[in-house]
Amino acid sequence: MKVAILGGSGKTGRAVGAALAQAGVATRPLGRAAFDDLPAALDGADAVHVIAPNLLPDEPAYVADALAAAGEAGVGRVVYHSVASPYVPAMPHHLGKAVSEDLVRRSGLDWTILQPCAYVQNLVPALRAAADASGVLEVPYAVDRPFGMVDLLDVAAATAAVLTTPGHVGATYELGGPALVTVADIAAAAGLTARRVEAEADVHPWLRAMFDYYDDHGLPTGGVPLAALIGRAPATVADVLARTFS
Ligand SMILES: NC(=O)c1ccc[n+]([C@@H]2O[C@H](COP(=O)([O-])OP(=O)(O)OC[C@H]3O[C@@H](n4cnc5c(N)ncnc54)[C@H](OP(=O)(O)O)[C@@H]3O)[C@@H](O)[C@H]2O)c1
């Protein structure tokens, strides 16, 4: 089996590529140059995993191009990397994924959609900085809201499972970690405290919208599908921190 990974040279794509390689699957990581001739880039693949770069201005156009190219290249299987709670009109980059999910479901291909929560790994640079300096983890949103923070490596393992085992065509899986946690919980797991700070003035407006949403609601995400897909308990925040900082 051969899987083309669009966005394969990015943070998520590299993790998925490693998980697929571990499962014995040949992978073809593709970056932006693949868009020069996408059908040719997908030629000979059995499946394509579609991951859009972060904060792409027009994700539905990116996904539509990928789906059209897959059809043209005769690639019948697609897995789309979406996000937890895609239909949130207050968060434009989530809404772009909701629109893209609709394109995937109407593509005529054999599709699966994955909806991961925020990765624990996103907070590692800030945790490292806090540990080196003030001992206070600073984030630009409330530190007491619930998130289904998930280990990127577990998300990658679930993606490999979806691509290599039967029964996932037409399925949409929300991928949260094993428990809802707050940023304060994550800081405590690292022996730190947490504090909300104002976002930097020049922050991307879509991130500002996300921080506003997180301030009010966090991003609670269910953990049952991930455990079922990977066949074991997903990593806790403490597990990820122990692996990362040891
Ligand atoms: N971080 C999270 O917690 C989280 C949670 C859920 C979902 N997600 C979603 O996961 C996705 C991937 O995130 P990531 O951080 O892994 O992405 P990333 O590192 O920003 O992805 C970069 C990849 O996209 C390609 N790329 C960049 N600009 C491009 C363009 N204009 N046209 C075509 N390809 C382009 C890059 O290719 P080159 O190497 O050629 O530059 C590279 O392969 C995002 O859509 C994000 O919303 C993230």
log10 of Debye I(q)/I(0), alpha-carbon scatterers only, for the range 2-245 at 0.17 Å⁻¹ | -1.29
About the Cα centre of the chain, how large is the charge dipole given +1 on each Lys and Arg Cβ and -1 on each Asp and Glu Cβ? Please answer in debye to the nearest 20.
-> 560 debye
Once phi is turned into ³J(HN,Hα) by the Karplus curve 6.51 cos²θ - 1.76 cosθ + 1.60 with θ = phi - 60°, what whole-Hz value does each residue of the range 191-206 show in order, with x for glycine and proline?
-> x, 10, 10, 10, 8, 7, 10, 5, 5, 5, 4, 9, 5, 3, x, 6
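Determine the calculated [θ] at 222 nm for the chain from helices alone, applying -39500 (n - 2.57) to every DSSP H run no shorter than 4 residues and normalising by the residue count; nearest 500 deg cm²/dmol.
-12500 deg cm²/dmol
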Using the Cβ atoms and a cut-off under 13 Å, what net charge is assigned to the surroundings of ARG196, where Lys and Arg are +1 and Asp and Glu are -1?
-> -4
Sequence-distant or interchain residues sharing an amide H contact under 5 Å with TRP111, placed H: which?
-> VAL78, GLY170
If you count the DSSP beta bridges with both ends in the chain, what percent of them are antiparallel, to the nearest 5?
-> 5 percent
Kirkwood Rh and Cα Rg combined as Rg/Rh, the range 57-121 = 1.00
Counting pairs of alpha carbon atoms under 8 Å apart in space and at least six apart in sequence, what relative contact order in percent does the chain give?
-> 19 percent
Give me the net charge of ARG243's neighbourhood, meaning all other residues with Cβ under 12 Å from the Cβ of ARG243; Lys, Arg count +1, Asp, Glu -1.
-> -3
Among residues other than ASP46 whose Cβ falls under 13 Å from its Cβ, what is the net charge (Lys/Arg +1, Asp/Glu -1)?
-> +1
Determine ³J(HN,Hα), in whole Hz, for all residues of the range 76-84 in sequence, where each value follows from phi through the Karplus function 6.51 cos²θ - 1.76 cosθ + 1.60 and θ = phi - 60°; x replaces Gly and Pro.
-> x, 10, 9, 10, 10, 8, 9, 7, 4
Using θ = phi - 60° and the Karplus relation 6.51 cos²θ - 1.76 cosθ + 1.60, list the HN-Hα couplings for the range 85-93 in order, rounded to whole Hz, with x at every Gly or Pro.
-> 6, x, 7, 10, x, 6, 10, x, 6
For the range 42-131, what is the charge dipole size about the Cα centre, in debye to the nearest 20, if Lys and Arg each add +1 at the Cβ and Asp and Glu each add -1 at the Cβ?
-> 380 debye
For LYS2, the residues 5 or more places away or on another chain with a placed amide H closer than 5 Å to its own amide H are ASP46, ALA47
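Every read-out reported here was derived from the displayed coordinates using simple, explicitly stated rules and does not represent laboratory data. Bear in mind the structure is a predicted one, so any value in this text is a computation, not a measurement. Cβ sites come from the backbone with ideal geometry, for glycine too, and all protein chains shown count toward neighbours.
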